[in-house]
Amino acid sequence: MLGDTIKYDKIRAAFIQKSQIWEIRKFVGPHTCTSTRMTEDHRKLDSKTICTYIMPMVEDMPTIKVSVLIAKMQVRFQYRVSYRKAWITKQMTMEQLYRNFDASYNELQGWIAAMREYVLGTIIELQTRPYYGPDEQRQSGKIIFQRMFWTFDPCVRAFPHCKPFVQVDGTWLYGKYTQILLIAIAQYGNRNVLPIAFAIVDKENMESWEFFLTNLRRYVISNDNICIISNRGKGLIAAISVLMRHGDQFTAYGTMRLTFIEIIRMQIGRDDL
């Protein structure tokens, strides 16, 4: 034996410091031994193999946690994939299924045109900002997504038959770009809720709420003296104040601190949401 390596005519083995086990590197002739597990640096269990295995799970549930994928791979391959490797492979799988995030943003204009053409009455307002390169110079022909508002014709036609109040709220999105989804909810005669408008914004501040409420007023709410139910966020209250100075008849009802989920709970009588 020389150091941490054993050499004979028919077998060669080495002691692996990382795993603290002996690894047979060469064996001449038949053998019956089998490995009970793979080491974490197993080269044959590469990202391509993992991607093929997890793709049906990711396609069925895109929000599946990386820890769940690691556990399933450990059962299947008798090998625990590192979190980093599993995370990177999930991103590769998402790109194969849905293309990457940048490509999706580049296709946004095409999606807007298709919605307007094939879903008649769809209203979409897109707001962008200029793109500046590393040298702080504005790049001509390039823009950056900032905010988008949309609603549908059935929502617009239904609102005049709803009660004169609107619940507005925002929630974080998950993924590479953690922007915010704003939503407006109305309620009609039999106490069921009706989503009437949506927006994706970069921040939940006064400018974003003003953009959302301005378009909500322009395209959906034609009635005066509408009551806005909210959690009285600073940005929202500031936006309502600006709009009221411009003549919009909004009333911010701040004592009713209800979220969208709480309204749903009241409608269906469940506490496990």
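The values are calculated or read from the model by the stated rules, or taken from the named source; none is laboratory data. These figures come from a predicted structure and were not determined experimentally. Please note: Cβ atoms are built from the backbone with ideal geometry, for glycine as well, and neighbour counts cover all protein chains shown. For the accessible areas, the whole protein counts, side chains as well, though only heavy atoms, and no ligand, DNA or RNA atoms are used. Shrake-Rupley method; radii C 1.70, N 1.55, O 1.52, S 1.80 Å.
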What pairs can you find where one residue is in the stretch 132-154 and under 30 Å from LEU120 (Cα atoms) and part of a strand (DSSP E or B), the other is open to solvent by less than 50 Å² (accessible area, probe 1.4 Å) and of a type in the set (S, T, N, Q), and their Cβ atoms are less than 7 Å apart, with a gap of 6+ or different chains? ARG147/SER208; PHE149/ASN215; TRP150/THR122
Cβ-Cβ below 8 Å, separation at least six or inter-chain, first residue in the stretch 52-70 and more than 14 Å from THR89 (Cβ to Cβ), second outside any helix (DSSP H, G or I) and open to solvent by 70 Å² or more (accessible area, probe 1.4 Å): which pairs? THR63/TYR174
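Identify all residues within the stretch 182-211 that are of a type in the set (A, V, I, L, M, F, W, C) and within 16 Å of PHE152 (Cα to Cα); write none if there are none.
Within the stretch 182-211, the first condition is being of a type in the set (A, V, I, L, M, F, W, C), and the residues that meet it are 182-186, 193-194, 196-201, 206, 209, 211.
Of everything in the stretch 182-211, those that are of a type in the set (A, V, I, L, M, F, W, C) and within 16 Å of PHE152 (Cα to Cα) turn out to be LEU182, ILE183, ALA184, ILE185, ALA186, VAL193, LEU194, ILE196, ALA197, PHE198, ALA199, ILE200.
Every residue, every condition in (1) exposed (fewer than 13 other Cβ atoms within 10 Å of the Cβ); (2) in contact with a Gly (Cβ under 6 Å, 6 or more places away or on another chain); (3) closer than 30 Å to ILE143 by Cβ; (4) modelled with pLDDT under 70, yes or no:
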| position | (1), (2), (3), (4) |
| --- | --- |
| THR5 | yes, no, no, yes |
| GLU23 | yes, no, no, no |
| PHE27 | no, no, no, no |
| ASP41 | yes, no, no, yes |
| MET57 | no, no, no, no |
| VAL81 | no, no, no, no |
| LEU108 | no, no, yes, no |
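Considering only residues of the stretch 92-105 that are without any contact (Cβ under 8 Å) to a residue 12 or more places away in the chain and surrounded by 12 or more Cβ atoms within 10 Å (Cβ to Cβ), which is farthest from ILE50 (Cα to Cα)?
Initially, the stretch 92-105 is screened for residues without any contact (Cβ under 8 Å) to a residue 12 or more places away in the chain, giving 95, 99-100, 102-104.
With the extra rule that they be surrounded by 12 or more Cβ atoms within 10 Å (Cβ to Cβ), the set shrinks to 95, 99-100, 104.
Working: GLU95: 14, ARG99: 18, ASN100: 19, SER104: 24 Å.
Only one residue fits best here, namely SER104.
I'd like to verify a number: residues in the stretch 172-229 that are charged (D, E, K, R), over 30 Å from TYR98 (Cα atoms) and either in contact (Cβ under 8 Å) with a residue 60 or more places away in the chain or surrounded by 22 or more Cβ atoms within 10 Å (Cβ to Cβ) (or both), how many?
Qualifying residue count for the region: 1.
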Tell me which of these LYS72 doesn't satisfy, since it passes every other one: (1) open to solvent by 100 Å² or more (accessible area, probe 1.4 Å); (2) modelled with pLDDT of 85 or more; (3) under 22 Å from MET61 (Cα atoms). (1)
Looking only at the stretch 232-263, how many residues end up being modelled with pLDDT of 80 or more and either aromatic (Phe, Trp, Tyr) or part of a loop (DSSP other than H, G, I, E, B) (or both)? 0
Some residue of the stretch 141-159 being under 24 Å from the mean Cα position of the chain (by Cα), at pLDDT 80 or above, among the hydroxyl-bearing types (Ser, Thr, Tyr) and exposed (fewer than 14 other Cβ atoms within 10 Å of the Cβ): no
